[in-house]
Structure formats: structure tokens, C-alpha cells
There are 4 protein chains.
Amino acid sequence: MWILGVADGHTKRVNSLPAAPQRMFVSDNAAGAHPLVLEALTRANSGHALAYGQDAYTARAQTKFCELFGADVVTKFVYGGTGANVMALANMLRPAEAVVCTSWSHIHVDETGSPERILGAKLIDIASTDAKLRPEDLLSVAHLIGSQHHAQPAVVSLTQATELGTLYTAAEVRAVCDAAHEMGMLVHMDGARIANATAALGGTRAALRSFTIDAGVDVLSFGGTKAGAVFGEAVVFLNTAIGGRADYIRKQVTQLHSKMRFISAQYEALLTDDLFIDLGARANSAATRLFDATRTIKSLNLASPPEVNSLFPTIQDPVKTELQRWSFFWDWDTALRQVRWMTAWDVEPIDVDAFVAGLKTVID
Amino acid sequence: MWILGVADGHTKRVNSLPAAPQRMFVSDNAAGAHPLVLEALTRANSGHALAYGQDAYTARAQTKFCELFGADVVTKFVYGGTGANVMALANMLRPAEAVVCTSWSHIHVDETGSPERILGAKLIDIASTDAKLRPEDLLSVAHLIGSQHHAQPAVVSLTQATELGTLYTAAEVRAVCDAAHEMGMLVHMDGARIANATAALGGTRAALRSFTIDAGVDVLSFGGTKAGAVFGEAVVFLNTAIGGRADYIRKQVTQLHSKMRFISAQYEALLTDDLFIDLGARANSAATRLFDATRTIKSLNLASPPEVNSLFPTIQDPVKTELQRWSFFWDWDTALRQVRWMTAWDVEPIDVDAFVAGLKTVID
Amino acid sequence: MWILGVADGHTKRVNSLPAAPQRMFVSDNAAGAHPLVLEALTRANSGHALAYGQDAYTARAQTKFCELFGADVVTKFVYGGTGANVMALANMLRPAEAVVCTSWSHIHVDETGSPERILGAKLIDIASTDAKLRPEDLLSVAHLIGSQHHAQPAVVSLTQATELGTLYTAAEVRAVCDAAHEMGMLVHMDGARIANATAALGGTRAALRSFTIDAGVDVLSFGGTKAGAVFGEAVVFLNTAIGGRADYIRKQVTQLHSKMRFISAQYEALLTDDLFIDLGARANSAATRLFDATRTIKSLNLASPPEVNSLFPTIQDPVKTELQRWSFFWDWDTALRQVRWMTAWDVEPIDVDAFVAGLKTVID
Amino acid sequence: MWILGVADGHTKRVNSLPAAPQRMFVSDNAAGAHPLVLEALTRANSGHALAYGQDAYTARAQTKFCELFGADVVTKFVYGGTGANVMALANMLRPAEAVVCTSWSHIHVDETGSPERILGAKLIDIASTDAKLRPEDLLSVAHLIGSQHHAQPAVVSLTQATELGTLYTAAEVRAVCDAAHEMGMLVHMDGARIANATAALGGTRAALRSFTIDAGVDVLSFGGTKAGAVFGEAVVFLNTAIGGRADYIRKQVTQLHSKMRFISAQYEALLTDDLFIDLGARANSAATRLFDATRTIKSLNLASPPEVNSLFPTIQDPVKTELQRWSFFWDWDTALRQVRWMTAWDVEPIDVDAFVAGLKTVID
């Protein structure tokens, strides 16, 4: 149920469209929670537990993160994605320092200036056609280092999978981490879609470790909400030399939940039998199915298969608006006439097929 | 289940204590969610919904808030209590302004400097033996107004019920609001325990309105978590001249949940048949039952019955520690040997009776 | 006297250079104060005066600004250039808003993240080959407006003369102001080198007004230090609907000088007989003389005459370092082998000639 | 010359007052600069010097600070007093930390919330009848340490001489420093009036060292403006383990002056032959002379001689207003009918005598 897409006079062609798919292709946060996650949350709703993380669910979920990464990582649960990023960076930055990121990065584009306001830090955004940073990008800020007139580059923030649906290989992450560390910088990874990335890069714990802890990432925002949770994200200090003051900072940036067990229990479920990887894989494969069924429609300009769960086809009006009224999706780059189709963990083949069927009714 | 209170050598007298109550007296956030709330959350987990509040649950919950206050109030849902307060105040403050509050206030004492960091604003804390502000307290800051050397008092923040478990009458709130407005200030109310306050002050919507919108409160943090929710708070702009930029500010202070329907659905449940008032009443009456059963124990120094859901008895060691190991509660003022007993919405008479039974085993 | 450029082993060719010029070409802040300015400051050092601006010097200097702009502008004196910009912007921004500027702008590049830290605001930097913003640049951020996920563009900040030594015509400023105002944005002008700009664009008060108040600029950082002062800048609210809370904000951003008369008296001197324009003209003409004397040296790649007081020639090592040791100037873009020669108000023809003479000794 | 005190209808009794003193008793920032300081500033106005501290004046002034404290201290010059305090604290604080100070402290009362805004830190203000902190005051915040719900006390800020004109002995400072360091806290000293304090506590470098570096103070705001400068303050890192990033932070908090030599040269003059101590002594002795001449006027309630340069007598209207119109001074505590008389370095015995003569005309 959604409140956009109200009908208006232009309904003629809409009426000719088949039944809309049950699940939309609007975003991975349009989906609800996976049944196992909701079940875990429900099970946690039993009796009393001390607040603010002094409960058994939290202890168990934190242990699960240690097992996941095969190391004594420190995990702090927070409410949301922007909060996770701000909380991670707040632990990594000193005054007069800056964060290097791409000009596509969520922290730069989609967080309403939260990093600037709460961190008081500059973001140095670097142009990138594929939303990925490379070691040479860091060299481009090297001249700032040591001059009192410039905010000092201190943290590199990568997004995996990126905001454009691309992926870093483990070797690429490692190259950036090595370059950053050599320059005295730390590395943050925004893993709001780390489930999708893990699924795409091998689908195993070893794969996850290869592009995070083994590659040298210092602090990781480990996404839960897009991976099938009701709410809740995790900030994982892979480099435990950082984060010693994380509890204070989490509360200060408004990200400490009192009834913490409700976040922890969800993560326990997501990490059990690597459910999160499975859910990432489902979203990815729905996107692949969608690509396979539409790649031959030339006007969409779908050059290459999705690496994770999004496609950026071009569609012109009035067809675009008509389709959006039928089964909503977001515009992406109006100048390029690009829209975004994004699959969630719960999108079924039948949804893809229904979407494609509608599509083909109006696009040749 | 909780991880404090592990047994150690001093267990002799503990062994003589009866079975601990099933629910603790440690805090109202030790309780889980009310079944109807969890049911609503579960029901909301169906199909797709647009994120960030563009869903039907949110529209319905916002309408319910309008009905609750009998006015076209503007309601924005956020993650947590500190976030609600910071979000509310961020909409009310201009640069170089200050918030007047008591030295007991949650924003001043218990939010790890979140208001100072995120708002960049000074809190002017005023001593108060009962955690309540009075019009004359505002006069005490009047001399700051108009001098460029002082942060300008611009918002008064009241807590209802207060951090000491006291209550403002509707007339008292109105008196503060009138004084504040006359001085050109706005009024925020931290209603983390507004359910308890409403129950105690009449238990009706009329009662709630009398000490909020009718009394002149401009912006209200309307507590959900302590009132039986899994997570989620509401910021209610009773004065709709404020809050025109609330959506931007909510995202900027990291308090915008993507899967908003899961907060909204809970509030829909809490406001249906005034469930929140009922839950507040249950917590209050458990505290009253506890008071009635212990008022005659002189050493506890329980002078007067609780106004809402907390008692602050004095207990000395080693008895105090022994009791805490048996059924945990927090120290309050160690210099005064005060502890805090706080009841949650789910505490049953049988819990109170079990707690009192244990108490009487070790205190004469 | 300066502490860089100490001699080392590589002095052979240096010895062959003629006597270095008395004044360097390193920056306009390498110069001291103009005698009339220092005299005014000295004269102000007489007897007692109320602090914080309640003195006659300040009242007179403020009146002089009204006369300069032919309007009842509001002028607030501050300590320094970064402070002036931050103070100006702090009066113009609301929470969750952003400043649009070029990627060359001082606020973006050279203020060590001061705007981000003190304003808590995002700077949206726009690439520009000549360090100037155009109306179409504003259109490129229009898509951000109205979405809660993005910091809202609210202020455009122009620099006049720009960091690359270019100038906006009055018509160009007006075009940006018109576009900004139409989009609901305000316009700030960083006029650290407004003296040079005024001199270059006509050298009259009418010229100054044409590209500031008449063009629609709302708030102006009016540079004093580079224009011959000891210290002190002015923030001029040309649009007096803004700045009503400027006194509080100035103190809050640490820019309120107690012995204000010492800044005011300098400005009184700078505005008397338009001394600041004369000083700007002197710096500009020294740069022009330098250009005229070196334009034929091909390797310098000096395509066009300076608009104000800086040149960006290319010089290769070892000659570059040799020259810097002889008469220091800063590197500009090491990748392009560009350096910056900048003239101050006190550079005399004899300095230019001496510099050129040395130059020609080592560059053919 | 000052703009308050304009004549109105009530001038009858004023006319009967003798000639007002040439210097007022309004504040130590009503005075100008000492001739030797202005001479040094004028001498520094010769030729070119590299900006931002890369000049010989700055190097020499920094050396003079090392000699003053007999140690390799690190000194950074800034514009003003609030800036000095904010800059010092910005080097000492980490996220989620707080500053402990008295409720009289300049940072808490008189800086318009600058610390809160720029530092994002909480100030924990402690009531104190004499504006001094004591070790036991630190114990009162010890319970906050280690709890994630509270901003962590990390820096103690003392003012010497205090805002009430009282002094810490060297032993008292040491006791606070010892207690602070034992609790893991650092100590900042706001020495806006350190010249007066040094003069009063012995008048020698040894005296100065005894209550600063020898007592364990970590970072010192060393006042210049009140001690006879035109502008400029110094932040002295006595504990050089702090301040490694001071250059970046100074620029970020808008306190880096480009033409630094003009601050440095003034400090060179102030530290030559301990001029600053002499000037502090002059202000102090003027206050003592004023006290001696008025101590017997009972209605003034001047219980004890001034420790430095201020007196807080009680005077009732209409006499108070009449005197203020004649020779202005500030109200202090209107409820107590207290005013403040404060002497500057340039107040002469003849000024004191003239002031007392006028006083005795209207007060018996």
C-alpha cells in the first residue's frame, strides 16, 4: 500500500496494463522484514531485560559478529543507516579532519548534511563514474596534508555495494585501504547493502571477510534494514584500536536504543545460517532476472547485467509516468531520462514476470 | 534475562530470599512491547510500502494524533527519546539561543551532551527540588535577554512526568507557557512518560490536552518506547507555526526511519482505544501498590505516594546490594543512599507482591 | 623579514641574481598596514572607550559604510576573513541548509573546514574553470530542493575578486543574484579582495555599488586586512532583513573584539577618500606592470593580463626553487607547474622592476 | 569618548558633580594599548613578512614565552579571548566529553554559547561563592565517569584571576590539577587577567610559573588585550603532549590571523622586561587605592580589599544612575544592588581621586 500514484485523467493506457506485481521495484526499503527476523524480534518480547545493551540477546549477537568475521571485533547496534555512518565516522575523526568519499556516496548526497552538522567535518567528494574510489583518488588529496589551511583528509569512506550498484573486488578494497593507511588515513565502509555485496562476491563468510576485515577496512556500517530487518544497523569496529569511546559517542549521536534486545535479536536471526547472505542473493537474482527479461529492449539502454540489485534503464515520458502510476519506481537522472529499478529481498520471480509483462505492454 | 547480578561469595542471605519476581523494578524500558503493539507491527509486515513515511500506516497514525489532540497537529515519527528531544529542539532554536530546563532534565543529564553537540546550543539548567520549572524560574534568566554576551533563552523544556516522578498540573504547565510566551520563548515538553502522566492526571484525552495543547505547549516529544512499543517516538508540533522544515531536520539529526510503517503501526495501536493511557495506568498502579505495601517500613523513608511509576526509597548496604542481586534496580543518589524502584506497564500485582515479600525478608 | 628561504648549499646561481626586491610577490597579506590606517589606529589609542562597539569610532565607521553604499546598511566588524565569512553565513542559514560555491572558493578550500564545523552546513562546490558561478550552476542544484534527503541549497556564495584573480561584471553578479532569489536563495559575497575588484571595475563608489548592493547581494564580507589594515574585516548586511541577530552570532563565533575602536578606526581611514580603492588600484597596477614586463617570456605561459593582482605563470625546477629562494612566492598547481605571483598594495614599480630583472637572469 | 551616558532631563545633581575622571572604572577593556605595545606594533609595520606565523616576530615571541615559563612550551597566537578559550579547549576535548567550570566562568556565562556551538561540548557548571573550583568539586562529578548516558568530564577550566576578582594560590591550583589528573582530566586556565594575577601573587616570573606550569596546568589562555594590547591573545600549551594539531584547529575556529606579526610584536613588547606584570600591577594598585579611599563609606559594603582590579560595591538608585551618567560603570547584580568598578592598566591616581571626589559628592 502506498500513497503516491493516485489516478488522474490520464488513465486510459493504464487500464490496458495487466495487474501490477505484488512487490514493487522501487527500493529495497519498500520490503518488510523477513519472517525469521520478525519471529526473533517477537521471541525477544518476553519478560524483562536490562536496557541499553546489558541483555543476553545483545551479548549473543555481538558474539555472532565475532564469529562472522573470525576475530574479536567490537559491534555496536544503532537505529538507522545515516546514524550508523555518522556514529562510525564520529569514532574515527579528530577536529579539523575530513572524509574522502565519492560524489555518489550516501553520506555526501543522501543524508541531508548530517555528517557536516553532527561531525562538524568536511566531506571531500571525488568524481567517479562508477561510484568507486581508487588509490589514485587518494593521491589527489595528498597535497592537502600538512597545510593548516585545509581540513586534513583522515578517513576514506567506501560504499559496498555502491550507490550505483557496482562492487569493489576484495583486491580493490585492499588497494584503497593500503593507500589510505600509508597516508595515515583510516577506512570506513558503508555497508548498507553489504548483504547484496557478499552474495554477489561469493556468498560466503570468507567472501565477506575478504573485502572487509582482510582487506584492511577499519570500521564497517553493517546494514540490517535493507537486508530484511524491521529496523536496526550495526557498526562493527574491525580495527578494535578504534571505538574505545563508542558507547558514549553512540548515545551522543542519538543512536542508542533503550530496548536494545529488539535490534540484537534481529541480527541474531540475520547472522544465523547466514540468512542475510541468502536475502542479499534473492534480491540480486531478482534483478538479474529482470535484466535478462529486458536486456533486448533497446530503448532501455541496459548495457550490462546488474552486479547487485539495481538497474538504471532509460524510459521517456509519457510511458515513464504511466509505468510509475502502475507500479511505482523512482526517477534517477532526469537529464539522462534514467530511472532506477531496485529489487528487495522479497521480490519473487512472479513479480519480475508481472513487471516485465506490463513493461512490454507499453514499451516495444 | 540480564547480565548484571552474577553471583559471588556473598550469597548466604540471598539464598534465604524467596523467588524473585518475574518482572523487575529496574526501569520502564526493561519491559518489552505490549501484545497489541507487536501485533500491529507484525500486521504491518505485509507486502511493499513506500519508505520514509509515504505509506498508509503513517498517514493513519498522523490522523490519530490529530484526533487525540483535537487539532490539526503535525506529527513526525523518530527512532528514540534523545532523538525526539533533539529533533524537537532543532526545529525551535536559532543560532546563539539557549534552552532553559531543570538540572534534573533528561536533556541535561542523561543524553551525553547530545543537545550541545547536535544543536550547538547551551542548556541553562535551573535547580529544582521536585524537577519542575516555575514561572519565576524564567524570570531568573530574563536578565540575559538582549545582551550579546549571553546565549539567548529561547525555549523552555519541561518534562512530564518529570525525572523525579513528579507531575505538573495543567494549571502549572499553563503558567510556565504563559510566562515563556510573554518573554518571547517557546515551550517544549519531553513526554517520554506522557502515558503515565495522562493516566495520573485523569486518564482521558481531555486530561492530556489540558496539560499540553490547551496549556500552550508548542512541541511535544510523545513517548512510545516506555509506553509499550518496540521502538519509536513521536514529535508532535502542537503549534504548527513551528516544524515547517521538520522533514529535513529529522533526516539531518539521523532520526528518519526508512521503513517508517513499523513505527507508525505501533503508534496506531497505542492510540487505538487510548491503549497508551491504559498502559501508563498499569505502571502507575503497580507503583502505588508497591508504595502501599512498603510505606510502613520506616527505613525506606517513603514519605508520599508515587505520582506516577517511581519510588526513591533509602536502603543501606549490605542489604541494598543483596536485593539488587536478587532482583536488580538502580542506585539513584548514593550520597543519600537512595535507590530507584520503577514500574513498567507489564508489572503485575503478583510481581509487586513477590518483590515486597523478598524485601521484607531482609528489611525489618 | 621572513624565515623561509634560508640559504643552503645550492647558492651558486642565486649569487648571480641581482638584489631581491624589497617587497615580495608572495601574497597581499605579506604587506603591512598603510600609514594612514596605522595613524588612525594610533590616534584611536587615546583615553577610554566603551568596549564591544559602544564607542564613537564604531558609530562613525558604520555611518561611513552607509555612505559608501548609499543605503542604511548594517555593518558588523570582525577579526578576520574566515571569521567574516562564517559570521555572514551563520546569519543566513537555517538547519539542514547548504551553501553553493565554486570548488575554488576560499570557504571550501582554504578555511580548514571552519564552515562545516561552525555552521554545521554542507558546502556544495561546483566546478568552474574561472572560479565564477553562473545562473546555470544554480539550476544544477535545483533538483535537491524539496527532498528531505538532501541539504537544501539556501545561500550562494560568490567571491569577488575570485580566488583565481578573475572578476564578475556587475551584470554577471546580478544574473546570479536574480537566479538565486528566484529559487528562494540568498547571496553572500566574499569580498576579501573587494578593494581590488572595485579598483578594477571602475574605481568608484558607483562601481562598487553596481556589483554589490545594486546587483542584489544580500551580505558582503568586506575585506580590510588585504586592503592595508593591521587586522579587521567587516560584514555588511546590504539586505537588512537579515542580520537582526548578528550581534549574538558574532560573539558566538568568536569574532567580537572588545577594543572594537581599533578595528573601526582603521575602517574609518580606509573609507575616507576611498583609500581602500586607491590601495586596490596600486596592487592591481603592480600586477599589470609585472605582466607587461614578462608577457613575452613564452615559458611563463601568461596568456592574458591580470584582472586584479595575481598572475599564475608556469616555471620549472630548478629555476623555480632558485627564484623562490631569492624572492619567495607560492607554488599554485604543482601538476601544471604553475606558481602564483601576487602583488600587495605597497608594491612599488621599483619592486616589479627588480623582480623582473632577477627573473630574466635565470629565465630566457 | 563613549556613546552611553547621554544627558537627559535629570541633570541637576550631575551638574553639581566635579569633573569626571579622565579614565573610567568601567572595565579593563575600556583602556587602549600601552605605548610600548603600540610602538612595537608600529615597528612591525615595515616591509613584507610571510603570513600566518612564518615570520621572525612570531618566532621571537614564541621564544619569549619559552623563556617566560622556563620550558619548551608551544605558543599559538589568536585574535580574542573567547577564541583563545575555544581554541584551547578544542585541542583538549574528544567527542562526548565535558568541561567542568564554575557557574561564574566566562566560558559559561559570557561567551554566548560559543563553547557549546563550536566545541559541541557540555559545560558542567559548579556553584561557587568565590568563583573558584576546589578538588572536592571534581569529586562531585566523579559519578558521571564511565556511564554512557553522561558527557564525560574531561577538562577542568579555571579562571585566574577569577570573574569575581579572586585569586587561586599556587597551592590551590596545584590541588585542583592533581585531583583532575588523578581522575584522568586535563586542566585549562583562562588567564584573560593573568597579568593582574601574576602581579598580585608576587609579581615575578617565578610567581607566574608557580600557579601555572609548576602547578600542573596543561593549557593556558594568556591574556593580552586586557594587559595593554590592541588585540591578540596567546594559547600556551604548557603540556606539549597536547596541541600537536593546534595549527589546524586554530584556523578551523577562525582564530588564525594572516598578518600574524602584528600580534606577535605586541606580545614581544608585553613580555620584554615583564611589561605585562607591571601593567597588571598598575591596574591592581589603582583598585587598591580606590578601595582605601572608599572602604569607610558603609553603604558601599566593601568588606575586603580587592585581590586584583575589581570592586563590587552596593549603590542604590537614583545615586547609582547619576554616578553612571557622570562616569560610567556597569551594574553587576541588580538584585543585590551591586555594581562593578574595574580598573585598567592606565588608570592613574588622579583618576581614582577624581572618581572618589565625585562619589563623595553624592554618597555620604
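Go ahead and run the numbers for FRET between A:H149 and B:E136, Cβ-Cβ distance against an R0 of 60 Å, rounding to 0.05.
0.75
Mind checking which of B:G70, B:Q338, B:A357 is farthest towards the positive end of chain B's charge dipole, using Cβ charges of +1 (Lys, Arg) and -1 (Asp, Glu) about the Cα centre?
After comparing all options, I get B:A357.
According to the square roots a ≥ b ≥ c of the eigenvalues of the Cα gyration tensor, what is the shape class of chain B, taking rounded for a/c under 1.5, prolate for a/b larger than b/c otherwise, and oblate for the remainder?
Oblate, because a/c is 1.5 or more while a/b does not exceed b/c.
Take the protein assembly as shown, drop everything but the C-alpha atoms, weight them equally and run the Debye formula without solvent; then report log10 I(q)/I(0) at 0.03, 0.09 Å⁻¹ to two decimals.
Computed log10 I(q)/I(0) values: -0.15, -1.31.
Output wanted: per-residue J couplings in Hz (rounded whole) for region A:148-157, from phi through Karplus 6.51 cos²θ - 1.76 cosθ + 1.60, θ = phi - 60°, x for Gly and Pro.
Ordered by residue, 3J(HN,Hα) equals 5, 8, 10, 4, 8, x, 10, 9, 9, 10 Hz.
How well do other chains shield peptide A:46-59, expressed as the mean number of their Cβ atoms within 10 Å of each residue Cβ?
That works out to 6 on average.
Determine the percent antiparallel among the DSSP beta bridges restricted to chain C, to the nearest 5.
45
I'd like the mean, over residues of C:226-237, of how many other protein chain beta carbons sit within 10 Å of each residue's own Cβ.
Going residue by residue through C:226-237 and averaging, the value is 2.
Between A:R337 and B:R295, what is the spin-label point distance in nm, taking each point 7 Å from the Cα along the Cα→C-beta axis?
Once both label points are built, they end up 7.9 nm from each other.
Taking every DSSP beta bridge with both residues inside region C:118-272, roughly what % is antiparallel (nearest 5)?
30
In nm, what does the list of distances from C:R43 to its counterparts in the other copies look like, shortest first, when each label sits 7 Å along Cα to Cβ?
Copy-to-copy label distances for C:R43: 2.6, 8.2, 8.6 nm.
As a test of the formula, what do you get for chain D when each DSSP H run with n ≥ 4 contributes -39,500 (n - 2.57) and the sum is divided by the residue count, at 222 nm and rounded to the nearest 500 deg cm²/dmol?
Only helices count here, giving -10500 deg cm²/dmol.
Quick check on packing: order A:105-114, A:347-356 by the mean number of other C-beta atoms within 10 Å, highest mean leading.
For the peptides A:105-114, A:347-356, the packing ranking is A:105-114, A:347-356.
Which order results if D:W104, C:W341 are arranged by neighbouring Cβ count within 10 Å, fewest first?
The fewest-first ordering by Cβ neighbours comes to D:W104, C:W341.
Among D:E67, D:E307, D:E163, which one shows the biggest mean-square fluctuation in a GNM of chain D, springs joining Cα atoms closer than 10 Å?
D:E67
Compute a Gaussian network model of chain B, connecting alpha carbons closer than 10 Å, and tell me which residue from B:V319, B:V235, B:V73 fluctuates the most.
Result for chain B, Cα springs under 10 Å: B:V319 fluctuates most.
Could you please rank C:D317, A:D218, placing first whichever residue has the fewest other Cβ atoms within 10 Å of its Cβ?
C:D317, A:D218
Taking a label point 7 Å out from Cα toward Cβ, give me the nm distances from A:D331 to the same spot in the other copies, shortest first, one decimal.
4.5, 5.9, 6.0
Return the sequence-ordered ³J(HN,Hα) values of region D:248-265 in whole Hz as given by the Karplus equation 6.51 cos²θ - 1.76 cosθ + 1.60 applied to θ = phi - 60°, using x for Gly and Pro.
So the Karplus estimates, Gly and Pro as x, are 4, 5, 4, 5, 5, 8, 6, 10, 9, 8, 5, 7, 4, 3, 6, 7, 4, 4 Hz.
What residue of chain A sits with its beta carbon nearest the rotation axis taking A to B, and at what distance in whole Å?
Per the A/B rotation axis, the closest residue of A reads A:Y79, 2.
May I ask you to sort D:W330, A:W326 by Cβ crowding, counting other Cβ atoms within 10 Å and putting the fewest first?
In increasing order of surrounding Cβ atoms, one gets D:W330, A:W326.
Across 10 Å bins from 0, what is the distribution of all Cα-Cα pair distances for region D:43-159, in whole percents?
Reading upward from the zero bin: 12, 33, 28, 18, 7, 1.
Charges at C-beta only: +1 for Lys and Arg, -1 for Asp and Glu. How large is the resulting dipole of the protein assembly as shown about its Cα centre, in Debye rounded to 20?
Roughly 0 debye for the protein assembly as shown.
Round to a whole angstrom and tell me the spacing of the C-alpha centers of region B:264-298 and region C:172-236.
Centre-to-centre distance over Cα atoms comes out at 63 Å.
Once you keep just the Cα pairs under 8 angstrom separated by 6 or more residues, what percentage relative contact order results for region C:251-364?
Relative contact order here is 27 percent.
Between copies, how far does the label point of C:P349 sit from its twins, in nm, shortest first, when each point is 7 Å from Cα along Cα→Cβ?
So the label point of C:P349 gives 5.9, 8.9, 10.7 nm to the other copies.
Would you tell me the mean number of C-beta atoms belonging to other protein chains that fall within 10 Å of each C-beta in B:241-247, as a whole number?
Shielding by partners across B:241-247 averages 2.
Express the relative contact order of chain A as a whole percentage, based on alpha carbon pairs under 8 Å and six or more residues apart in sequence.
Answer for chain A is 27 percent.
I want to verify a result. In a Gaussian network model of chain A, Cα cutoff 10 Å, which of these has the top mean-square fluctuation: A:A206, A:A229, A:A131?
Highest fluctuation among the options: A:A206.
Amide H to amide H, which residues 5 or more places from A:I126 or on other chains are under 5 Å from it, using H placed in the peptide plane?
A:C101, A:T102, A:S103
Could you tell me what percent of the DSSP beta bridges with both partners in the protein assembly as shown are antiparallel, to the nearest 5?
In the protein assembly as shown, DSSP labels about 45 percent of beta bridges as antiparallel.
Using θ = phi - 60° and the Karplus relation 6.51 cos²θ - 1.76 cosθ + 1.60, list the HN-Hα couplings for region C:201-217 in order, rounded to whole Hz, with x at every Gly or Pro.
Once θ is set to phi - 60°, the couplings for region C:201-217 become 9, x, x, 10, 4, 4, 4, 4, 4, 4, 9, 10, 4, 6, 7, x, 4 Hz.
Work out the length of the dipole vector of region A:154-273 about its Cα centre, built from +1 on the beta-carbon of each Lys and Arg and -1 on the beta-carbon of each Asp and Glu, and round it to the nearest 20 debye.
Charge dipole of region A:154-273: 440 debye, to the nearest 20.
No value in this document is a laboratory result; all are computed from the given coordinates. Note that this is a predicted model, so its numbers are computed, not measured. Heads up, the Cβs are rebuilt from the backbone with ideal geometry, glycines too, and the neighbour counts pull from every protein chain shown.
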